[in-house]
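The structure appears below as structure tokens.
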Amino acid sequence: MDDIFITVTAEESGERIDALLSRNLEAFSRSQIQKLLDQGAVSLKGRALKKNYRCTAGESYDILLPDMAELPLEPQDIPLDIVYEDSDLIVVNKQRGLVVHPAPGHPDGTLVNALLFHCGDSLSGIGGLRRPGIVHRIDKDTSGLIIAAKNDFAHQALSAQLSDHSLCREYEAIVRGGFKESCGTVDRPIGRHPVDRKRMAVTEKNSKPAVTHWQLLASYKGYSHILCRLETGRTHQIRVHMASIGHPLLGDYTYGAPSPEKGLEGQCLHARRLRFVHPRTGEGLCLETPLPDYFRSVLARLGPEI
């Protein structure tokens, strides 16, 4: 079990505790938070709190969270689109809607479950019990290339390339609005949103540097098709950065439109290309996957290029 503490801000004073905690604990849904409260897992100075308790600024709550690592992680026969594989690593073209690793609300049916079935015990342990072999992550509704390491040597080498930015990740996206320039760079720090803890935001407070390079591929009426290259890898980086300059991703409920666009629910974002040095051979690899059907379908619905 994990024991954590959350302190109420002035802005949160008067809010129901179940709403406050569901915003601050991004891995848990509101119903899961309410269950924790019903079980007496949330307390104030030793007193268990009910889900309708109203918060007061300055209060600090002790929350006993279930440890996901205690739950069994089962191999599951989920189809994988394997782009590259050898004894050191595997690169998969992840389908849209597939969660990368187990978390509250998604205990199984994830990419990790599929990798355990396919690779057996040959996954690096560096990612921990819930993320074996996972070198980097992409969001549930983002499709495309993701690397998993089969041993700790490969994992350490690939992680070092992530840190020094020599592992190149390129994405294609459809965003709202048009551009006057053909390319640009967004260099803005990203951290947790100060009010909505399930979101990230461009902020100077408790943030990390974040750099995204973008290039215009095609223009449509009201939309643009762009290529993004990540220099850093913050949570939701492309989604946050593009929204911060007035071009949220099409279909992105969290940072963009409040309702479906062009028949798409969830961001239109595809991890198109990876370039890195093989950790054992030193060979430069460039792996690429075509745009998936959903992405090409959206492009077709945007009408002619302008």
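Size of the range 205-306 from its Cα atoms: along the principal axes, largest to smallest, the extents are 45, 38, 23 Å. When the trypsin sites (Lys or Arg not before Pro) in the range 158-251 are filtered for DSSP coil states and for at most 16 other beta-carbon atoms within 10 Å of their beta-carbon, the remaining sites are 180, 197, 198, 205, 221.
Projecting the Cα positions of 254, 109, 161 onto the charge dipole of the chain (unit charges on Cβ atoms of Lys, Arg, Asp and Glu, taken about the Cα centre) puts 254 furthest along the positive direction. Once backbone amide H atoms are built at 1.01 Å from N, residue 211 has 231, 232 as its partners under 5 Å, excluding neighbours fewer than 5 places away on the same chain.
The residues of the chain present an accessible area of 48 Å² per residue when probed at 1.4 Å with all protein chains retained. Roughly to the nearest percent, how much of the accessible area of the chain is carbon and sulfur, given a 1.4 Å probe? Here carbon and sulfur together make up 49 percent of the probe-accessible area.
At 0.36 nm per residue, and after removing the present C-alpha to C-alpha distance, how many nm does the segment from residue 39 to residue 297 gain when stretched out fully? Length gained between residue 39 and residue 297: 88.2 nm.
Computed over the alpha-carbon atoms, the chain gives an Rg to Rh ratio of 0.99, Rh here being the Kirkwood radius from the mean inverse distance. In the context of the full protein assembly, residue 38 retains an accessible surface of approximately 110 Å², using a probe radius of 1.4 Å and ignoring ligands and nucleic acids. Listed by chain and number, the aspartates and glutamates whose C-alpha is less than 17 Å from the C-alpha of residue 35, apart from same-chain residues fewer than 8 away, are 2, 3, 18, 26, 62, 67.
Annotation: lysines with alpha-carbon distance below 26 angstrom to residue 150 (same-chain offsets under eight excluded): 94, 140.
For residue 193, the residues whose modelled amide H falls within less than 5 Å of its own, excluding neighbours fewer than 5 places apart on the same chain, are 199, 200, 201.
The values are calculated or read from the model by the stated rules, or taken from the named source; none is laboratory data. All figures in this text were calculated on a predicted structure; none of them were measured in a lab. A quick note on method: Cβ atoms are made from the backbone with ideal geometry, for glycine too, and the neighbour counts reach across all protein chains shown. Accessible surface areas use protein heavy atoms only, side chains included; no ligands, DNA or RNA. Shrake-Rupley method; radii C 1.70, N 1.55, O 1.52, S 1.80 Å.
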